[in-house]
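Notes to accompany the following structure.
The values are calculated or read from the model by the stated rules, or taken from the named source; none is laboratory data. In this text the structure is predicted, and so the values were computed from the model without any measurement. Cβ sites come from the backbone with ideal geometry, for glycine too, and all protein chains shown count toward neighbours. Note: areas computed on protein heavy atoms with side chains; ligands, DNA, RNA excluded. Shrake-Rupley method; radii C 1.70, N 1.55, O 1.52, S 1.80 Å.
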Amino acid sequence: MAAELKSDVQEAELLLEGYECIHSKSEVFYDKYERKNDLQGQTHYCPGCGHGVAHKLISEAIEELGLQDKTIFVSPVGCSVFAYYYFDTGNVQVAHGRAPAGATGVKRTCPDKIVISYQGDGDLAAIGTAEIIHAANRGEKITVFFVNNAIYGMTGGQMAPTTLVGQKSTTSPWGRRPGNEGFPLHMAELIATLEAPVYVERVALSDNKNIMKARRAVRKALEIQRDGVGFSFVEILSPCPTIWAKDPVVARKWVAETMVPAFPLNVFRDKKVEPVAANVPPIRPVEEVLEITAKEGSASSTTKHAHHFKEFSIKVAGFGGQGVLLLGQLLTEMGMREGLEVSWLPSYGPEMRSGSAHCHVCLSKERIGSPLISHPDVLIAMNEISLRKFAPQVAAGGLILYNQERLHADFALPQARVICMPA
Ligand SMILES: Cc1ncc(C[n+]2csc(CCOP(=O)(O)OP(=O)(O)O)c2C)c(N)n1
Ligand code: SF4
């Protein structure tokens, strides 16, 4: 008897006899996942997590359609927040729930790109409900992959809008009760009630047959975007073994046996529409759009100065009501008139007056990567609080303009020059 017992490896080898075993990774994935220390090379997903399978389906579709160089992947907040570790495409990471809004901006700016909004159910159906509904309703020509695992995975298993009736979570320890927490949201059905979406399907990562269907849906959604047809949305029912406290095989079965009856698989929308050219406004110079073009022959139409900087940053800070934001806008407008790239980023509290207000202004000869300024070349400090708070950030050799007669005796700053001018 003992001699007939075979090891798992021998069993597997027997099963594979006559088959060629191929392991491959889509070219759309990085060759090496650059992660911290000993995590190099592996993904951050738990074993059996559906995100890995969803990533594989998306990357293979991008590769097959030859879209890698055109794709911009917008990753959400949630377990898939680090999708940019894996996809060798353009990547943007946005705030919780805002992926459809971010994707809208990217697509409208770069209409020839393939823009993917990838989101979990907490992200899409809770904090981002408004964004997804309005992006779908506007018919943005983006593709949304919605990974529904019926729970908040990343934060440890709180109830999501998709949590099933009776399903326990850390915030519904007795199981979801419709009388208290409402019914699960069926996002695919909801989106299919809108007029604009072109393609809406729900698929499941429950078994090989359904994974193949998911593969086709993912590809079709991307084709629709490639052809400029309209908004495409694929809901992917996906296992989360860790939070569900099930082993990966049982978790997959749970998708099939418990999730699918509650979230039926279906093509909810497959509209036949002709591709239409993107309705993008003609690109005109900003000065022209804002009607600030100087009149022919006037001084400002001819006076362009030689600027010695490549990039020049200014922070204006003070109280609400001092014109802090307006001053930043004026500087920005002057920059535009000089033909520079400009950005203006305001930051102020809820108070209309007397609250802290500041803004970041960037003037540059090249496109500006981020409007956020950590080390301004110039600080315009309109009050003492702002001086003390922001002066240490000023770049070495920078300048501070301070709205007072003189500096306080205890104030010393070695790295920047201060000019006091009571404005
Ligand atoms: C504005 C904001 N609110 C809350 C959080 C905390 N948070 C991070 S991930 C997450 C839930 C994500 O769940 P889901 O979208 O279902 O994705 P999963 O992790 O299951 O893939 C929450 C609430 C946050 N990061 N930002
Ligand atoms: S917690 Fe769940 S969704 Fe998150 S990585 Fe683990 S299995 Fe995946």
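Given segment 51-136, what strands (runs of 3 or more DSSP E) lie entirely inside it while holding 3 or more residues that are open to solvent by 10 Å² or more (accessible area, probe 1.4 Å) and away from ligand 2 (no atom under 16 Å from the Cβ)?
Values: elements: 71-75, 90-93, 114-120.
Those strands (runs of 3 or more DSSP E) span 90-93.
Only one of the listed residues (Ala188, Ala136, Ala150) is more than 15 Å from ligand 1 (Cβ to nearest atom) and out of contact with any strand residue (DSSP E or B) (no Cβ under 6 Å at 6 or more places or on another chain). That residue is Ala136. Looking across Val218, Val267, Val229, Val234, one residue alone is touching a residue at least 60 places away in the same chain (Cβ under 8 Å), open to solvent by less than 20 Å² (accessible area, probe 1.4 Å) and farther than 21 Å from Thr163 by Cβ. It is Val218. The single condition among (1) more than 19 Å from Ala188 (Cα to Cα); (2) open to solvent by less than 10 Å² (accessible area, probe 1.4 Å); (3) within 14 Å of ligand 2 (Cβ to nearest atom); (4) within 19 Å of the chain's Cα centre (by Cα) that Gly153 does not meet is (2). Within segment 132-149, residues that are more than 22 Å from Ala83 (Cα to Cα) reach no partner that is within 12 Å of ligand 1 (Cβ to nearest atom) with beta carbons closer than 7 Å at six or more positions or on different chains.
Table: residues versus (1) free of Cβ contacts under 8 Å to residues at least 24 places away in the same chain; (2) within 23 Å of Asp227 (Cα to Cα).
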{"residue": "Lys70", "(1), (2)": "no, yes"}
{"residue": "Tyr86", "(1), (2)": "no, no"}
{"residue": "Thr89", "(1), (2)": "no, yes"}
{"residue": "Gln93", "(1), (2)": "yes, no"}
{"residue": "Ala103", "(1), (2)": "no, yes"}
{"residue": "Lys107", "(1), (2)": "no, yes"}
{"residue": "Lys113", "(1), (2)": "no, yes"}
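In segment 307-411, counting only strands (runs of 3 or more DSSP E) that sit wholly within it, the ones holding 3 or more residues that are open to solvent by less than 40 Å² (accessible area, probe 1.4 Å) span 311-319, 356-364, 378-381, 399-402.
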